[in-house]
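So the structure is just underneath, and the comments pick up after that.
The values are calculated or read from the model by the stated rules, or taken from the named source; none is laboratory data. Everything numeric here is computed off the predicted structure, so don't read it as measured data. Using ideal geometry, Cβ is built from the backbone for each residue, glycine included, and neighbour counts are taken over all protein chains shown.
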Protein chains: 2
Amino acid sequence: MPKLWTETIDAHRAAVRDAALNAMAALVAERGLVSLTMSQIAERAGVGRATLYKYFPDAQAVLTAWHERQINAHLDRLTAAAEPAEPAVVRLRGALRTFAEIQYYSARHHGGELAALLHSGEHVDLARQRLREFVENLIAEAAQDGDLRDDVAAGELAGYCLHALTAAGTVDSHDAVHRLVAVTLAGLGTPAPPP
Amino acid sequence: MPKLWTETIDAHRAAVRDAALNAMAALVAERGLVSLTMSQIAERAGVGRATLYKYFPDAQAVLTAWHERQINAHLDRLTAAAEPAEPAVVRLRGALRTFAEIQYYSARHHGGELAALLHSGEHVDLARQRLREFVENLIAEAAQDGDLRDDVAAGELAGYCLHALTAAGTVDSHDAVHRLVAVTLAGLGTPAPPP
């Protein structure tokens, strides 16, 4: 097969997949999760039911794939927020702010039921791992620059940050999100010199 | 009925209830959650199956009651850790350390399956509310004493602390728990004066 043709097929597959995920998201937003069916998703996506089944075994699989797409988009946004020319501490601040904002908006968009359903599974663990490593590296770099405390390992500090910032899902204003980021960053500050 | 008799009955009821909860905890520890039955719980608790049904409608209810008992014991331990004569900031430090230790040991004792099953429900929401208020009041008092930052509302700082300290469930040593508490407290510190 000429390369061009393969690319066309790949693009077509990606388009069908995306249409299915978008259809699912729209259906969930309108009617909730209960009784989400493959027929509804196919109809909304504008593809045949048989076609949809070639891509996904069931509605749960569409949901998981959608969540994976969301998470990866969030991660890309987070890592892109870090302008490589900036010092590590500035990139860290940007990444943590972005993470907190994602927590804030996600809590608003999909509440308890969906969150409980989605926030487990291999794809989430992988994304969490990728995020943690990204933050850990920024912290290690900033600590080496002397801009952060270096008395606690970067991995532990990354765990602290990411847990603290999940509180952004519980606050009720955008300003409160920014205050939370400032408080969390204060925890990372150079420790006071011993008395 | 004379008062003494009522007290005897109440004590008996509490004893049966406790025996059932202890039996459930022992069974889950030995065999896991799957196929936990009322008959097994009754047998292990040393009461009749019919008696057990007078106390709990099903095994899930025993599990929830057990979790409620655990949570209340934790909360009592946490609030008791605060010696009333100490300044608020010292009591806060003690309470946060205790909370972090509970997170650390709970993550070790009941892992994913049990946690996902238990960490929702009205009794958990109530306990979380009680805990948050307790920490919020200590923070407000310490801020008034001038021992903590006062540029962020006590409620927001309480949310920050409790989320940050859940990271104690992911670390792998007791020392790391103490470092996490220190980092979290640093976030609460008086903010640097403006430049």
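Quick notes
- Within region A:148-165, the set of residues being acidic (Asp, Glu) and closer than 15 Å to residue A:184 by Cβ comprises A:156 only.
- Test result for residue B:172, modelled with pLDDT under 95, over 17 Å from residue B:90 (Cβ atoms), more than 8 Å from every other protein chain (Cβ to nearest Cβ) and not in a helix (DSSP H, G or I): yes
- Scanning region A:147-178 for residues that are closer than 16 Å to residue B:162 by Cα, touching a Ser or Thr at 6+ places or on another chain (Cβ under 9 Å) and not small (Gly, Ala, Ser) yields A:160, A:161, A:163, A:165, A:166.
- Yes/no for residue A:130 being surrounded by 14 or more Cβ atoms within 10 Å (Cβ to Cβ), over 22 Å from the mean Cα position of the chain (by Cα) and modelled with pLDDT under 95: no
- When we screen B:83, B:68, B:101 for residues that are under 13 Å from the mean Cα position of the chain (by Cα), farther than 30 Å from residue B:52 by Cβ and among the charged types (D, E, K, R), the only hit is B:101.
- Taking the criterion of being modelled with pLDDT of 95 or more and more than 8 Å from chain A (Cβ to nearest Cβ), the residues of region B:150-167 that qualify are B:153, B:154, B:155, B:158, B:161.
- Within region B:166-180, tally of residues that are small (Gly, Ala, Ser) and farther than 10 Å from residue A:156 by Cα: 2
- So residue A:180, is it modelled with pLDDT of 95 or more, part of a helix (DSSP H, G or I), more than 19 Å from residue A:79 (Cα to Cα) and within 14 Å of chain B (Cβ to nearest Cβ): yes
- If you go through region B:155-165 and keep only what is crowded, with 19+ Cβ neighbours inside 10 Å and touching a residue at least 12 places away in the same chain (Cβ under 8 Å), you end up with B:157, B:158, B:159, B:160, B:161, B:162, B:164, B:165.
- Any hit, region B:183-190, residues being under 20 Å from residue B:75 (Cβ atoms), at pLDDT 95 or above and polar (S, T, N, Q): yes
- Scanning region A:77-115 for residues that are among the acidic types (Asp, Glu) and modelled with pLDDT of 85 or more yields A:86, A:101.
- Number of the condition not met by residue B:140 [criteria: (1) more than 10 Å from every other protein chain (Cβ to nearest Cβ); (2) at pLDDT 95 or above; (3) within 19 Å of residue B:97 (Cβ to Cβ)]: (3)
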